[in-house]
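See below for the structure under consideration.
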Amino acid sequence: MEWYTIYDEANPFRHALQSVVLQSITSGCDSTATLNLSVNNNVSITLDTTICENELPYFWNNITFNSTGTETITLQSSTGCDSVITMNLLVYPSPELPMLDLNNSYCLYETPEPIILPNNLDNITWYTDNNLTEILSTQNQYTPEVLLGTNAYYVTASENGCEGSAQIILIEFIACEITIPTAFTPDGDQSNDKWVLGNIDNLYPKNVVSIYNRWGNKLFESREGIYSANPWNGTYNNEKLPIASYYYIIEFNDGKTAPINGMVSIVK
């Protein structure tokens, strides 16, 4: 008895047990020969794979994909039959954020505004590092921490499980000091009409500013901590003062900063 294996392309053979009765030439006796036939099917496999654009090129069985596509290979199975494998590769694009001009600068005493991204952006992630490992938030807005210096925030968008490249938003916090002008022009033209001392109230909330003429007469004194709300406008008793130089004393009253003094001029 013998076994034979063939493949299904060789039909009309079918799975079967076949017996044939033969007659011996020499003895005239019957001889029975039995054929056991087994037909193995081909193997057909389809693979569906999705990747992100930043994972290209994609390598599979010595085939290189550079975009969405389909490739088929034929291998021999353990039974000796053909195995047909089809790879369907779908490549999702990496979403890119629009160019964002959201950099900003604050004084340390200021409260920063939230960084707000456009409403049409979905699946947002904020990071603290350019390796995109430390997640800060997944909301469309983020309020930066008050930290001296320039702080970088990395923001990305994701779609279909694919994350795009990060855009960097820089937020700077600086130790602002007060600005003391040496002159101003109180002429009623709405420009430089008052002696503005920048951020004095925020930096020194107990400050007091005093103005004197050349003879030492006090012409102006601010209320504690609210100079910026009512800065000196170059008048005394609601009368405009003449063009001249005047003496000022600024008391910071913070327990560590000494008062400063100098001259400020009214010019026209």
Filtering segment 164-181 down to residues that are of a type outside the set (S, T, N, Q) and buried (at least 17 other Cβ atoms within 10 Å of the Cβ) yields 164, 166, 169, 171, 173, 178
Taking only segment 37-65 into account, find how many residues are part of a strand (DSSP E or B) and in contact (Cβ under 8 Å) with a residue 24 or more places away in the chain.
18
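Results for (1) touching a residue at least 60 places away in the same chain (Cβ under 8 Å); (2) in a loop (DSSP other than H, G, I, E, B), shown as yes or no for each residue.
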{"position": "102", "(1), (2)": "yes, yes"}
{"position": "106", "(1), (2)": "yes, no"}
{"position": "120", "(1), (2)": "no, yes"}
{"position": "144", "(1), (2)": "no, yes"}
{"position": "173", "(1), (2)": "yes, no"}
Residue count, segment 175-188 (criterion: in a loop (DSSP other than H, G, I, E, B) and hydrophobic (A, V, I, L, M, F, W, C)):
4
Would segment 8-20 turn up any residue that is polar (S, T, N, Q), modelled with pLDDT under 80 and in a strand (DSSP E or B)?
yes
Residue 111: passes all of (1) surrounded by fewer than 11 Cβ atoms within 10 Å (Cβ to Cβ); (2) at pLDDT 95 or above but (2)
Filter the strands (runs of 3 or more DSSP E) completely within segment 189-262 down to those with at least 2 residues that are out of contact with any Phe, Trp or Tyr (no Cβ under 8 Å at 6 or more places or on another chain) and surrounded by 14 or more Cβ atoms within 10 Å (Cβ to Cβ).
244-251
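The values are calculated or read from the model by the stated rules, or taken from the named source; none is laboratory data. Only a predicted model underlies this, so the values are computations on that prediction, with no experimental measurement involved. Ideal geometry is used to build each Cβ from the backbone, glycine not excepted, and the neighbour counts take in all protein chains shown.
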